[in-house]
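To start, the structure itself, in structure tokens.
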Amino acid sequence: MRRTPALIAGGGPAGAVAALRLAQGGAVPLLLERSRGMPDALCGGFLSWRTLESLASVGIDRATLGGHVVRRVVLFAGRRRAESALPAPAIGLSRRRLDALLLDHAIAAGAGVERGVTIRSADGTTLHTSDGATVTGTTLFLATGKHELRGASRDAAIGDDPAMGVRVRVAPHPALARLVGDAIELHAFAGGYAGLVVQEDGSANLCMALRRSRLRAAGDLPALLTALAAESPALGERLAFLGDTPTIDAIANVPYGWRTGTTTPGVYRLGDQAGVIPSLAGEGMGIAIASAIRATGHWRHDGAAGAERYQHDLARALHRPIALAGMLRTLAEHPAGHGALLTGGRIAPLVAAAARWTRVASVSPGSASPA
């Protein structure tokens, strides 16, 4: 059995920032990541101004990240359109680039990173891998994203018509770049919504959150895209750039709205393993990174014993953002609620305010700076 003071499960933004922060503080964490290379993960693509501030606090500035500058949010509902300026510039950045950059910084700071390691299950702060090995940490930072880990599953209720996430990557095209410009787009339709943003290489990331009943009604994912294009003209215009055989990624049973204030002793739950905000808020990456900074701050002061307080504090910080995003999600996926999202050709004040109210700070009120 291998032992380490700080063990991290998952090499996405939450796990990588946790590894970076721990290494910056003099620890030698061990991070286990299942992928050998840097695949373009299903979720992400948008970094808000608050997320950029969080990354800057750990030594990664906007110039290092690159990315496509985003200044506006544009909302489509049926044939209606409205837009609003963001409170501050954000960026569109692929998960492939973001994840690789964060892991590189963690390694340079002294963190141990092992790729190609599949974790089969967890038992407290001990991880069991597919090759029969066992790795245990005094502390475990659980950062497996939306993917469940046997022995550490979320206590989330799925419901009769659970949500699923669908992602397609649209190849770079000058006409698409002109169409979307410096906006992040939200497309509301019956049973769900889609978000689209241009990334650093000119490609566009199109992520959808929708009810499983939409897929059942369509039959399969290509047919679902065809149906959505027909009922949402603006979305259909963007989907036309996909070509005949697009690669479609999907994940089932996403527990949007779930959060937890409890944890197993010695286990810090990060990102989607702590709370899952509806993706139309654009704060999934922000929560992942903020939770890693908060967790490592607690660990520096209290070690493994700080996990319970950290989880309670994070759950409290996530309450308003997740609740507000959940309300907007309900309005987005029911056509009767679309009028509350758009007022007289403009984005409703509540939606515009949500751009501020759904952000999550990386430092708890009254706590020490993460620097």
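Values quoted throughout were computed directly from the atomic coordinates according to the rules given, and no laboratory measurement underlies them. Since the structure is predicted, the reported quantities are computational estimates derived from the model, not experimental observations. Positions of Cβ are backbone-derived with ideal geometry, glycine not excepted, and every protein chain shown enters the neighbour counts.
Worth a mention:
- Peptides ranked, highest mean first, by Cβ atoms within 10 Å: ranges 197-206, 278-287, 318-327, 152-161: 278-287, 197-206, 318-327, 152-161
- Label-point gap, in nm, between Met1 and Ala305 - each point 7 angstrom along Cα→Cβ: 2.2 nm
- All other residues whose Cβ lies under 12 angstrom from that of Ala6 are scored, Lys and Arg at +1 and Asp and Glu at -1, for a net of +3.
- Signed unit charges on C-beta, dipole axis of the chain, positive-most listed residue Pro13, Gly116, Ser279: Ser279
- Treating each Cα of region 51-128 as an identical point scatterer and summing with the Debye formula, the log10 of I(q)/I(0) at q = 0.13, 0.15, 0.25, 0.27 Å⁻¹ comes to -0.65, -0.76, -1.21, -1.28.
- Between Ala175 and Ser130, the modelled labels are 4.1 nm apart [label points 7 Å from Cα along Cα→Cβ].
- Label-reachable residues, region 320-350, where backbone N falls under 13 Å from a point 7 Å from Arg71's Cα toward its Cβ: none
- Gain on full extension, evaluated as 0.36 nm per residue between Arg36 and Ala217 minus their Cα-Cα distance, stands at 61.5 nm.
- Of the complete DSSP H runs in the chain, those spanning 15 angstrom or more by Cα along the long axis with a mean Kyte-Doolittle score not below 1.0 are 221-231.
- Difference of contour (0.36 nm per residue) and Cα-Cα distance, Thr330 to Glu231: 33.8 nm
- Debye, to nearest 20: dipole size of the chain, +1 on Lys, Arg Cβ, -1 on Asp, Glu Cβ: 440 debye
- Global size of region 241-371 as Cα Rg and Dmax, reported in angstrom: 17.5, 54
- Whole-Hz couplings from phi, Karplus 6.51/-1.76/1.60, listed for region 252-266; x for Gly and Pro: 9, 6, 7, x, 4, x, 7, 8, 9, x, 10, 7, 6, x, x
- Distance from region 136-174 to region 230-307 (C-alpha centre basis), Å: 7 Å
- Only helical runs count toward this figure. For the chain, summing -39,500 (n - 2.57) over DSSP H runs of n ≥ 4 and dividing by all residues gives -10500 deg cm²/dmol at 222 nm.
- Over all orientations, the chain has a Cα convex hull whose mean projected area works out to 17.2 square nanometres.
- On the basis of the beta-carbon distance and an R0 of 30 Å, Ile251 and Ala63 show a calculated FRET efficiency of 0.40.
- Square roots of 5 times each gyration tensor eigenvalue, C-alpha, region 127-230, largest first, Å: 34, 21, 12
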